[in-house]
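Derivation of every value follows stated rules applied to the coordinates shown; laboratory data play no part. For clarity, every value in this text was computed on a predicted model and none was experimentally measured. As a convention, Cβ positions derive from the backbone with ideal geometry for all residues, glycine included, and neighbour counts pool all protein chains shown.
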Amino acid sequence: MAWAMRSAAWSGPGRPVSSHTITASNGVNFAHYPATVTRVLAIEPERRLRRIARQAAEYAPVPVEASGGLAEHLPAESGGFDAAVVSLVLCSLPDPATALREMYRVLAPGGA
């Protein structure tokens with residue numbers, strides 16, 4: 001996936017990256033995280049999809065925690081992530097502007 005390549009390039013050789021995935025869905029993207037990612041917090045509000053994402057996390061090349069939550073109220077500390085990943089979700093959120101503000105809130109200074 002193109003975003004994984006950009007993430008790897010952004011992080012630089014050997015630079016660890018923590019990532020926040022907004023709406024994990026079934027976890028299909030987990031396999032594409034580069035090895036420089038040290039932590040993924042994947043948010044999925046729907047219980048059935050979250051269960052599937054947790055199963056996918058077991059096979060991911062990086063540590064993934066699939067958790068419940070909403071994009072508009074992320075269960076994460078401010079400035080705790082180097083990257084926020086959003087895939088096929090902004091068009092289905094009731095308030096995408098609030099979700100984008102939340103993603104900005106959890107990003108560390110200089111994050112992507």
* Estimated FRET transfer efficiency (LEU88, TYR59; beta-carbon r; R0 30 Å; 0.05) -> 0.90
* Structure fact -> Bridge orientation stat for segment 9-112 from DSSP, antiparallel percent rounded to 5, came to 5 percent
